[in-house]
Protein chains: 2
Amino acid sequence: METWKDYQKKNKERFLSEMIELLRIPSISAKSEHKKDMLTCAEAVKQSLLASGADKAEIMSTAGHPVVYGEKIIDANKPTVLVYGHYDVQPAEPLELWHSGPFEPVIKDGKVYARGSADDKGQFFMHVKALETMVKTNTMTTNIKFLIEGEEEVGSPNLRKFVEENKDLLKADVILISDSSMLSMENPSLDIGVRGLSYIEVEVTGADRDLHSGTYGGAVANPITVLSKMIASCHDDNNHITIPGFYDDVLEASVEERALMNKAPYDEDEYKKEVGVKELWGEQGYTTNERTGIRPTLEINGIWGGYMGEGAKTVLPSKATAKISARLVPNQSSVKMTKLLLDYFKKIAPPSVAVKAFEHHGGEPYMTPIESKGYKAASKAVEKTFGKTPIPVRGGGSIPICSILEKELGIKIIFMGFGLDSDNLHSPNEKYGIENFYKGIETIPYFHKYFAEEQIK
Amino acid sequence: METWKDYQKKNKERFLSEMIELLRIPSISAKSEHKKDMLTCAEAVKQSLLASGADKAEIMSTAGHPVVYGEKIIDANKPTVLVYGHYDVQPAEPLELWHSGPFEPVIKDGKVYARGSADDKGQFFMHVKALETMVKTNTMTTNIKFLIEGEEEVGSPNLRKFVEENKDLLKADVILISDSSMLSMENPSLDIGVRGLSYIEVEVTGADRDLHSGTYGGAVANPITVLSKMIASCHDDNNHITIPGFYDDVLEASVEERALMNKAPYDEDEYKKEVGVKELWGEQGYTTNERTGIRPTLEINGIWGGYMGEGAKTVLPSKATAKISARLVPNQSSVKMTKLLLDYFKKIAPPSVAVKAFEHHGGEPYMTPIESKGYKAASKAVEKTFGKTPIPVRGGGSIPICSILEKELGIKIIFMGFGLDSDNLHSPNEKYGIENFYKGIETIPYFHKYFAEEQIK
């Protein structure tokens, strides 16, 4: 019988080109103009599942963008792994900073450059090709189900309902997600948690129209000045968040966990060079890994108001708007934190302006236990193909659906990501290493094998 | 001989339609794409001067947009009035807030709606039609020269050189400008000063590209947060500007002037209603008229950074930028204040970001003495046609060229504006009252008459 390795070696160019075809579809869930592209992408995912040996695959509608479900059931008595991924991608702006079209994939220096290459098309597609590998070599060790959604980048607003209504269909023993990164190819790691998210938008209005800054400036509130003051009030000089109650529910990481985290390879000069800054910034009393792993944060994701064009315009603007999001850690509740943020920005506004604030989306933080069978299987699989035991780390990003999946399906989630932090996720020139892609396809079948073995231990 | 009034009555519809034709030309000096429109507009101004009786009119080039010069010399021994105006206009953004096209003039409720209607095409054109009135009725009392420039809205960067090189051509006894407003048609006023201006742009850069806010947020400086803090630091809780040295050179207005200013008609409820706010904002210890007249101010004219599109994007932006301007009062120097602002924003930036700051343009504050012959002539002219002595007020806006004109030509400037503060200058739906337009054409010939009389007193 052909080995996994042989099969993959023989088909690697095809695997890559199939993945690249998927990247050509601009499946931007946030923008209504891409609704049709979302359907095209869902159809492509469905076809790839069928072509790779799934017994069935279908596009299932939701109130928003559809879910692609697929499965390969080999034996009802064997354990079942539910693979979660998402076929939608982040908006590509600012477009002028891309070196090649975000949806015209280019291979350079061993990386595929395109929006969605690492987040998450390139990563969930490894599971499709791992399925193909096992089917074609007749070596399936578990049942596999696929839940590939189209709304992860907008906070999965319709997935809870979908999961609630399809509990039987989604029944499994563990959930496996490749939508995160590892420290490096030399220092493989496994995320043991993701942060939660509260994402809001705040609009400040002064006068009911733009005014002449000479005639009215100094007598009528400038919404940019006011919004800036509101934003400035959120962090103190130690970069500690000052919004009352913000840290109330934070479950402090143990001394042991912090010690373990800080053993992970980290070179501050390298890190600074990698992002192009002279000095880092962050909450006093915490290291970089802690700041992005165990601490909640507050970021301004966007701001705009007044004249943004060429040259100068002496205008006192009517409006200023900001997109603001917090990353949350156990045991912060996204619902509670979103309300806290909305209330804060409404409350601190002076009477000279009007404030509208609303939620974009949110998600709960999630932690996976390293003693679980799923984590052990993942750890062994990575060790098998990378030759090193992966370091458990807390990821800084958010996968809002995690807590919902666990709650509704009653099973644990394992994060086995093969990307790198430097893959420019959500940024121009997003990329995914071809080596990472192949290594993922190589590793995934071992996860299924070891997970099946753990189940019968 | 036909009277001014009769001639104007007979020709008023034509005067208005000629003015409206001028408004159709999108002469936006700030935008390079409108360079051709600027030339078209200059040519139209030149033709209108010639058609209205100027002896000569020509388009004179500068390093930027050209100047239109025209003259009607009746007698070298008579006093000469130099009319200054500008044919360029502000950018029209935000376009979506206009009820009709900014360059498709519409008449509604007795007002002409279009960019440039009040600032300044509709106003300088009154002088062209006043010239026509006096020429056609053979009643010229002074020589008249016209200096209509095309770069007022971008800070007149090339006018100083032009004036220096054309001192003889521009030689006059007084400069008359209609580029400001009066309190109301019922309470006519004359500006006795304009504020100076320092206009800069500040760009804050954190990482060298947009980053994922989950992966890097909390560890790498967010330029929006930093810029917000920088902006927030400029005003204290009393809305007093806290930039060190900002008020150092302010010549405090006298108790008498403040008392006089505060006698001007002002209804706070009416003012709030007019701009659509519930509460006013401003420097503690000063009234609204003082805040916009005798006090220097600092406004954020525009801000942008990060994701500004539909929906949510969890990005840690690389850059945030703001356009910032200060209005200056006697004896603040624009050059000194611009340096003060640039230095301040560079100095207060933390080492986790890089700051670029540069000047857009500036201009000195200017005051005209109410004892001057020019002011007296203007005051008598307004009293003649409005039936009330105009109130002297300090205007909040800036005409950067004033101090240069006075310095180079050695003569005083008289502001005789017929607009209203509510004309939406620099805003969507800029308008100019048809009645104001006619009243201006009616008043201007009296200025010339009384100024000639003052000269021989």
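The values are calculated or read from the model by the stated rules, or taken from the named source; none is laboratory data. Everything numeric here is computed off the predicted structure, so don't read it as measured data. Positions of Cβ are generated from backbone atoms using ideal geometry, with glycine treated the same way; all protein chains shown enter the neighbour counts.
Within the range B:428-438, not a single residue is touching a strand residue (DSSP E or B) at 6+ places or on another chain (Cβ under 9 Å), farther than 27 Å from B:Val106 by Cβ and not aliphatic (A, V, I, L, M). Within the range B:263-278, the set of residues being within 14 Å of A:Asp208 (Cβ to Cβ) and in a loop (DSSP other than H, G, I, E, B) comprises B:Gly276, B:Val277, B:Lys278. Selection of the range B:312-328 for residues being of a type in the set (A, V, I, L, M, F, W, C) and modelled with pLDDT under 95 yields B:Ala312, B:Val315. I want to confirm something. Restricting to the range A:21-36 and keeping residues that are touching a residue at least 12 places away in the same chain (Cβ under 8 Å) and buried (at least 19 other Cβ atoms within 10 Å of the Cβ), which single residue is farthest from the other protein chains (Cβ to nearest Cβ)? Restricting to residues being touching a residue at least 12 places away in the same chain (Cβ under 8 Å) and buried (at least 19 other Cβ atoms within 10 Å of the Cβ), the top hit is A:Leu22. One residue alone among B:Leu50, B:Leu39, B:Leu82 is among the aliphatic types (A, V, I, L, M) and in contact (Cβ under 8 Å) with a residue 60 or more places away in the chain, and that residue is B:Leu82.
Taken over the range B:79-115, the criterion of being among the charged types (D, E, K, R), within 14 Å of chain A (Cβ to nearest Cβ) and touching a Phe, Trp or Tyr at 6+ places or on another chain (Cβ under 8 Å) is satisfied by B:Glu93, B:Arg115.
Kindly indicate the residue of the range B:288-297 that is within 8 Å of another protein chain (Cβ to nearest Cβ) and assigned to a helix (DSSP H, G or I) and also surrounded by the fewest Cβ atoms within 10 Å (Cβ to Cβ) among those meeting that condition. For the range B:288-297, the residue satisfying everything is B:Thr288.
Residues that are under 23 Å from A:Ser403 (Cβ atoms) and either at pLDDT 95 or above or surrounded by fewer than 20 Cβ atoms within 10 Å (Cβ to Cβ) (or both) do occur in the range A:299-307. Of the conditions (1) crowded, with 19+ Cβ neighbours inside 10 Å; (2) under 30 Å from B:Arg327 (Cβ atoms), A:Ser233 fails just one. Which one is it? Only one criterion is unmet by A:Ser233, namely (1). Here A:Ala207 meets the list (1) out of contact with any strand residue (DSSP E or B) (no Cβ under 6 Å at 6 or more places or on another chain); (2) in contact (Cβ under 8 Å) with a residue 24 or more places away in the chain; (3) surrounded by 18 or more Cβ atoms within 10 Å (Cβ to Cβ); (4) within 7 Å of chain B (Cβ to nearest Cβ) almost entirely, failing just condition (1). Within the range B:333-352, if we keep just the residues that are under 29 Å from B:Glu257 (Cα atoms) and away from chain A (no Cβ under 14 Å), the residue that is surrounded by the fewest Cβ atoms within 10 Å (Cβ to Cβ) turns out to be B:Val335.
Scanning the range B:212-267 for residues that are among the hydroxyl-bearing types (Ser, Thr, Tyr) and touching a helix residue (DSSP H, G or I) at 6+ places or on another chain (Cβ under 8 Å) yields a count of 6. Determine, yes or no, whether A:Ser372 is farther than 18 Å from A:Leu251 by Cβ and surrounded by fewer than 24 Cβ atoms within 10 Å (Cβ to Cβ). When the stated conditions are applied, A:Ser372 passes them. Taking each residue of the range B:338-350 that is farther than 16 Å from B:Gly196 by Cα and looking for partners that are aromatic (Phe, Trp, Tyr) with beta-carbon atoms closer than 9 Å, six or more apart or interchain, yields B:Leu342/B:Phe358; B:Tyr344/B:Phe246; B:Pro350/A:Trp281. Can you spot a residue in the range B:242-251 that is modelled with pLDDT of 95 or more, within 11 Å of chain A (Cβ to nearest Cβ) and surrounded by 19 or more Cβ atoms within 10 Å (Cβ to Cβ)? Checked against the condition, which is being modelled with pLDDT of 95 or more, within 11 Å of chain A (Cβ to nearest Cβ) and surrounded by 19 or more Cβ atoms within 10 Å (Cβ to Cβ), the range B:242-251 yields no hits at all.
Answer with yes or no whether B:Gly285 is more than 9 Å from chain A (Cβ to nearest Cβ), at pLDDT 95 or above and more than 24 Å from the chain's Cα centre (by Cα).
Yes.
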